[in-house]
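**Student:** First, the structure itself, so that you have it in front of you.
The values are calculated or read from the model by the stated rules, or taken from the named source; none is laboratory data. Note that the coordinates shown come from a computational prediction; the quantities given were computed from them, not determined experimentally. So basically every Cβ, Gly included, is an ideal-geometry build from the backbone, and we count neighbours across all protein chains shown.
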Amino acid sequence: MVDYERLRPMQREWDLSAIQRLLGRKDATQPCRPAVQIAGSKGKGTTAAFLEALVAAGGLRAGSYSSPHLVTLCERIRIGGQLVRVERLEQVLLSLLTCAGDNPPTFFEAMTVAAVECFAQDGVDLSIYEVGLGGRFDATTAIEVDASIVTRIELEHTEVLGDTIAAIAVEKAQVIRAGRLGLTATTGEALAIVRAHAEQVSAELLVLDEHFGVRDVVWSDQGARGELWLQNGEQHAFFLPDATAFALPALALAAAALRRLLPSAPLVVDPVPRPELPCRFEVRTDLDGDVLILDGAHTEESLQAVTAEIRRRYPGARPVVLTAAAAGKRWQAGLSCLLPLADSFIVTELTGTASEPPAILNAWLVGQGARSEVAPDAASGLRTLRERPGPRLVVGSFYLAGEVRQLVDAER
């Protein structure tokens, strides 16, 4: 199997033929319905996690397929909040590869079909599929779903999806299926494209802040309180513990999708069952008691959101930043968002995937007037980070944040 996530080629032939053959094989189990697909540049994983948690709080069981994983491959397939057992995953994958013959699927295609198979075998109440890249030709688009969600759209994967918001929106809007339900948090030009696609395929489209959303939000040290409102006129007081501003759209999308896909399920939002969100503004207490924040943000808008959240929580703080960038990312735009917030950086290399040379990032930061140095790997970068007062921020890639998270967990 080819792992395009790690190899990051500049091009490949994108189509759905291989996964369609696997989904249509003779011994395939009928996929579980209802099902939802989640696309977007940022917020996909958070929306999926909230939807999974809301299903569980209502006494039902979701199957959730997400990417990337941080530590173990089994994180990608969860049933009822539990990771798939490695023995079971191995058995399913071996079966798929055996029937694939001379045209083996890619790593992501095989994992996607494995998720479909596991959810079907266990008879989950809701199947949740997070898009890996784009939408039109993502493996998850070969799966029949009842609703599709498009979260925020930003400039990302431009070498594959296009170098404008409009081009990327065209690719991601394709997840909304003919005659089915679509939900979106997009705005501006991207929203116009998503609307046009939904109209073209006769899909119903629900838009955040038009047909559902949150309002009257009051912040405190404990979290955020407010009102969740839905298309059918429902209104629910909600409390989201330890909330971030960028979690609220994900919560609204998840609640609106739950109400339409599982209309009889209880909607438990006071308090909201807060899912574990590893490396999505994950605040840890470091060994010396200082603040350590782990976040996989790497796009311009997502790093702006991280910057805004740090300013809200830690007014006047000047965090020290450990960062790295996967090959092909728009790292200058991303780091530019951090420069008004931080002037002390440590740049390192990613493990197991192609990364931008740390020396190039370091030279650019120094040229912008920042204090910066290169660390050979994540472990040494963490040691250097800890030599400076916090808050300490690890950001720029899920691979980096995940590796640091693993190092920190190993110390406890």
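**Student:** Can you tell me which residue among LEU277, LEU287, LEU292 is among the hydrophobic types (A, V, I, L, M, F, W, C) and surrounded by fewer than 16 Cβ atoms within 10 Å (Cβ to Cβ)?
**Tutor:** Within the list LEU277, LEU287, LEU292, the selection yields LEU287.
**Student:** Give the stretch 293-333 a look and list any residue that's assigned to a strand (DSSP E or B) and modelled with pLDDT under 95, or say none.
**Tutor:** ALA326 - this is the single residue of the stretch 293-333 that is assigned to a strand (DSSP E or B) and modelled with pLDDT under 95.
**Student:** Condition first: of a type outside the set (A, V, I, L, M, F, W, C), surrounded by fewer than 19 Cβ atoms within 10 Å (Cβ to Cβ) and outside any helix (DSSP H, G or I). Now tell me which residues in the stretch 189-220 satisfy that.
**Tutor:** Result: SER202, GLU204, ASP209, GLU210, HIS211, ARG215, ASP216, SER220.
**Student:** Where in the stretch 35-134 are the strands (runs of 3 or more DSSP E), entirely inside, with at least 3 residues that are crowded, with 17+ Cβ neighbours inside 10 Å, among the small types (Gly, Ala, Ser) and in contact (Cβ under 8 Å) with a residue 60 or more places away in the chain?
**Tutor:** 62-65
**Student:** Under 7 Å between Cβ atoms, at least 6 apart or on separate chains: pull out the pairs that start in the stretch 195-222 with a residue that is in contact (Cβ under 8 Å) with a residue 12 or more places away in the chain and closer than 18 Å to PHE238 by Cβ and end on any residue that is of a type in the set (Ser, Thr, Tyr) and buried (at least 19 other Cβ atoms within 10 Å of the Cβ).
**Tutor:** Cβ pairs passing all conditions: LEU208/THR184.
**Student:** Pick from LEU205, LEU133: which is over 30 Å from VAL92 (Cα atoms) and of a type outside the set (Val, Ile, Thr)?
**Tutor:** LEU205
**Student:** Tell me, please, whether a residue that is under 20 Å from the mean Cα position of the chain (by Cα), closer than 30 Å to GLN222 by Cβ and modelled with pLDDT of 95 or more can be found in the stretch 374-393.
**Tutor:** Yes, that holds for at least one residue.
**Student:** Just name the residue that is nearest to the chain's Cα centre (by Cα) out of those in the stretch 135-188 that are polar (S, T, N, Q) and outside any helix (DSSP H, G or I).
**Tutor:** Looking at the filtered set, the residue picked out is THR151.
**Student:** Just the residues that are in a helix (DSSP H, G or I), without any contact (Cβ under 8 Å) to a residue 60 or more places away in the chain and of a type outside the set (Ser, Thr, Tyr), please, taken from the stretch 376-394.
**Tutor:** Correct list: ALA378, ALA379, GLY381, ARG383.
**Student:** Of the conditions (1) in contact (Cβ under 8 Å) with a residue 12 or more places away in the chain; (2) on the phi < 0 side of the Ramachandran plot; (3) part of a loop (DSSP other than H, G, I, E, B); (4) surrounded by fewer than 22 Cβ atoms within 10 Å (Cβ to Cβ), GLY352 satisfies every one except a single condition; which number is it?
**Tutor:** The single condition GLY352 does not satisfy is (2).
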